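The values are calculated or read from the model by the stated rules, or taken from the named source; none is laboratory data. Just so we're clear, the structure is a prediction, and the values are computed from it rather than from any experiment. Cβ placement follows ideal geometry from the backbone for every residue including glycine, while neighbour counts extend to all protein chains displayed.
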Ligand SMILES: Nc1nc2c(ncn2[C@@H]2O[C@H](COP(=O)(O)OP(=O)(O)OP(=O)(O)O)[C@@H](O)[C@H]2O)c(=O)[nH]1
Ligand SMILES: [Mg+2]
């Protein structure tokens, strides 16, 4: 059966309950916004295939429940994720402070080389804002993670965020593969080879075979 | 339909749902150059809280925010859409504004999804599709799903992609009738228009022909709309109720007779070598669908062939030792019953209001649920708010006490000052969680819809008061899902609170801080599935899904997210009965999974596909079918010869190590959960005159009837126990004889009393307190089902008998 994509990236959305993870995902996967969303119980994922420098990259994006209590279950799904969106709500101070905890949570449960990005969501609600953009940026600098403010409602920066994360994953993957390939094999700028050698790299890199 | 109208004040209009990337493909009365422009399709709530479907062209939305036009500046805030931005149009606002298309939901008649979820057509007039839209992302089904939250629809009989709006303003429907048909051919069916526009240039001839052929797209309004107004199941329920009462009427004729003899027919040809399998005589015979004997013969044949594959027969001197590779007995098909009706419910209470036949009531509810009109009253008992044994006046007192208690707890948090709150982070956190979830709970249901809906405040108040009631547990996501249907049904804050507290009591382990309760249930589910459907369990294990996490949502909120309100009410009330065993909700999971087994295995679904498939089952499940399947699986499992202790523990059954007899009347926690109805209400032992009829072979044991003052079953005496011991198959023929005897006057109240007559009053050897009795080497357990079924169990063999007399007696 013909594959309709060249590469599969598994991404994950985490952050406190109500910050807008599901809304961001819905915006990205369906280009829609729904005012009466329901809270997420358990876990779900959505798929969207994007075009990244000529490659069809299938993004499998997992959406988790935010409440702490469910973490024992939700962390089971961290395994194998290549990129994680850490989401907070700019109108909710607490959700911002919790980003630190979420990062710790990732360190404990996800692979070390996972790409991360911080999203300050609901930036359309300027009048209710509790966390300034500057603070978000500072946090990102502290952790050396990319950052962007988003609005799932107004479709602001949602595309950008996912493309950026996907691109970073791809770049990291290329770098690793180049490093592991003999120099002569290096060629075009973004030519990725299927992990031709049957070596088994320990990380997720191995799982993404490129055609 | 009206076009244009940006004069609405956007502040008061609310986009309930927005879908970007939608092209206008055709719209009657619009010029061709308006077509094919991209925009967003929305469900909008107007200031007067009427709703409409609205399409806005993108170039309208994306006008730069530097515009000075106040009116439009507001529209701008809807956003800059990167993905669907089309850009460079003229900024002639008036023209753009006129391009908005609005379809008030009150006028919407039909809509249709076609072209692989890429096209949606709308019609406000019989016979014509006025508008069609193209969904760039091919996800029209999502729009439909949300739209269906706002209009009640039925699917057209001849086209499953066409939805007919069945909750119309009746006035408009009538009004439109007159000229509608005439318009059919004068107006251009717009499905055709856009293909015309795009194709005419290249293929003028074919396109024209196509256009004519597409006239078949014209919708005719038959009486679908009328039919669609009532739910099929409602109709069926009605019919059943009617047929029930017809039955009651007809049996009433025999009431004048001294006895009513019901013989449960199946006379089985003796067949050797069938191990202890359940012969389950379902209700079908009563429904006239199928002869019981046919059914049983079928089951036997099936089990025979199953045996041939998997049984190794070892002949030992005395007995045939049959070792069966764990194959379950065939699954009986158990039809659902009718809901507990008002009349029955009234009849089941004595004059003081005590509910006398608790087990009987529960059985009835287990079989068919509760009629909607009496749910508010019955649920309070099922959820342990009202004790069954309380009289009317005691309940009044209880209500008073509970109301006071509720409000004093409510006061505790209501009187908290801002300062207190600011220094009480644990409370604050709980409060903010509640607020977030209340705003996301069942908002599409009219009861909770809209801004500032007072019911949301009640929802919040109850949850906050529960936080005070059980501060350690606090608020956990999922609780609002549990509460919402209760409040919706009961309406009253205090009642809802106590019923909610009762429900929470039943599912408290779901919300453990460490999720231990959830993990244990997931493990139990896995064990149960392994026993019931080993193939599937194995498949899941192979696919890294053996932890069953994909069923997490099902279990956490007891399937709330998988069913409509209507259906979840039915499912919950059945589960609340605690019948027929502990953890029956796990059987619901197994039933659903078993139904999907062929897909999950057949398509070789892996970890992610399994999760997706299971999540996507939401709102597509048939509650009655699932309940029926779950019960069938339950019977398969409990009658399986290889039933393990592991499973027994899950079901709340005594483990094998201990004897049946000893455990059957334990009064501990498994009382409610165990299927053993307490039937020892009538305890007069009476003459027993058991006859045994070998009927040619000693493998056939016949229980003969005996006439007596009391209704009962006659069992073979001790001296016949050899038949049972040596029989490889137990063929049982049961005659049930009822004596109609009224305790007092045949009033409503006394009908409840007559229920006691379904209990056995005689037993050959000894009588067990639970209604079972001893024969030969073991105990026969008797379970009285609702709607007249009686199940007898002997050494793991279960036989169900349908005795319509049970309810006939109530008539
Ligand atoms: N104004 C505004 N509201 C948003 C935005 N994103 C989400 N929301 C709203 O915030 C609420 C919570 O959003 P969800 O997407 O359900 O949040 P979540 O992070 O998935 O929450 P959990 O599932 O509980 O973990 C919803 O009512 C959304 O409508 C946004 O960008 N702007
Ligand atoms: Mg969510």
Q. Across the range A:62-76, which residue is farthest from ligand 2 (Cβ to nearest atom) among those that are touching a strand residue (DSSP E or B) at 6+ places or on another chain (Cβ under 8 Å) and part of a helix (DSSP H, G or I)?
A. A:73
Q. Among the residues of the range A:1-59 satisfying the criterion of being within 15 Å of residue A:163 (Cβ to Cβ) and out of contact with any helix residue (DSSP H, G or I) (no Cβ under 8 Å at 6 or more places or on another chain), which is farthest from ligand 2 (Cβ to nearest atom)?
A. A:54
Q) Is it true that some residue in the range B:531-548 is within 13 Å of chain A (Cβ to nearest Cβ) and within 28 Å of residue B:439 (Cα to Cα)? A) no
**Q.** Residue match in the range A:89-108 (condition: facing another protein chain (nearest Cβ under 9 Å), within 11 Å of ligand 2 (Cβ to nearest atom) and either surrounded by fewer than 23 Cβ atoms within 10 Å (Cβ to Cβ) or touching a residue at least 60 places away in the same chain (Cβ under 8 Å) (or both))
**A.** no
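Residue-by-condition table, conditions (1) outside any helix (DSSP H, G or I); (2) touching a strand residue (DSSP E or B) at 6+ places or on another chain (Cβ under 9 Å); (3) more than 23 Å from residue B:498 (Cβ to Cβ); (4) at pLDDT below 90:
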site	(1), (2), (3), (4)
B:343	no, no, yes, no
B:351	yes, no, yes, no
B:361	no, yes, no, no
B:364	no, yes, yes, no
B:375	no, no, no, no
B:378	no, yes, no, no
B:381	no, yes, no, no
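Tell me, which residue of the range B:142-157 that is part of a loop (DSSP other than H, G, I, E, B) and within 23 Å of the chain's Cα centre (by Cα) is nearest to the other protein chains (Cβ to nearest Cβ)?
B:149
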Q: Can you work out which of the residues in the range A:29-61 that are more than 9 Å from chain B (Cβ to nearest Cβ) and surrounded by 22 or more Cβ atoms within 10 Å (Cβ to Cβ) is farthest from ligand 1 (Cβ to nearest atom)?
A: A:57
Q | Complete set of residues in the range B:395-421 that are within 19 Å of residue B:474 (Cα to Cα) and part of a helix (DSSP H, G or I) | A | B:405, B:406, B:407, B:408, B:409, B:410, B:411, B:412, B:413, B:414, B:420, B:421
Q) Has the range A:30-43 got at least one residue that is in contact (Cβ under 8 Å) with a residue 40 or more places away in the chain and touching a strand residue (DSSP E or B) at 6+ places or on another chain (Cβ under 8 Å)? A) yes
Q: Assess whether residue B:631 counts as being away from chain A (no Cβ under 13 Å), touching a strand residue (DSSP E or B) at 6+ places or on another chain (Cβ under 6 Å), part of a helix (DSSP H, G or I) and surrounded by 18 or more Cβ atoms within 10 Å (Cβ to Cβ).
A: no
Q: Confirm whether residue B:472 is assigned by the TED database to the domain that holds residue B:410, under 29 Å from residue B:425 (Cα atoms) and within 16 Å of ligand 2 (Cβ to nearest atom).
A: no
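Go through B:484, B:449 for me and flag whichever is without any contact (Cβ under 8 Å) to a residue 12 or more places away in the chain and within 13 Å of another protein chain (Cβ to nearest Cβ).
Checking each option against the conditions leaves just B:449.
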**Q.** Check on residue A:104, over 18 Å from the mean Cα position of the chain (by Cα) and closer than 25 Å to residue B:429 by Cβ
**A.** no
Q: For the range A:76-86, state whether one or more residues are surrounded by 17 or more Cβ atoms within 10 Å (Cβ to Cβ), more than 9 Å from chain B (Cβ to nearest Cβ) and within 12 Å of ligand 1 (Cβ to nearest atom).
A: yes
(Q) Yes or no: the range B:390-398 includes at least one residue that is surrounded by 11 or more Cβ atoms within 10 Å (Cβ to Cβ) and closer than 16 Å to residue B:501 by Cβ. (A) yes
**Q.** Checking residue A:26 against (1) away from ligand 1 (no atom under 16 Å from the Cβ); (2) more than 20 Å from residue A:109 (Cβ to Cβ); (3) not in a loop (DSSP other than H, G, I, E, B), the condition it does not meet
**A.** (1)
**Q.** Members of the range A:1-18 found to be within 13 Å of ligand 1 (Cβ to nearest atom), over 15 Å from the mean Cα position of the chain (by Cα) and on the phi < 0 side of the Ramachandran plot, listed by number
**A.** A:16, A:17
(Q) Go through (1) crowded, with 17+ Cβ neighbours inside 10 Å; (2) free of Cβ contacts under 8 Å to residues at least 24 places away in the same chain; (3) not in a helix (DSSP H, G or I) for residue B:472 and report which single condition fails. (A) (1)
Q.
Out of the residues in the range A:148-166 meeting the condition of being under 10 Å from residue A:83 (Cβ atoms) and either without any contact (Cβ under 8 Å) to a residue 12 or more places away in the chain or more than 16 Å from ligand 1 (Cβ to nearest atom) (or both), tell me which one is nearest to the other protein chains (Cβ to nearest Cβ).
A. A:164
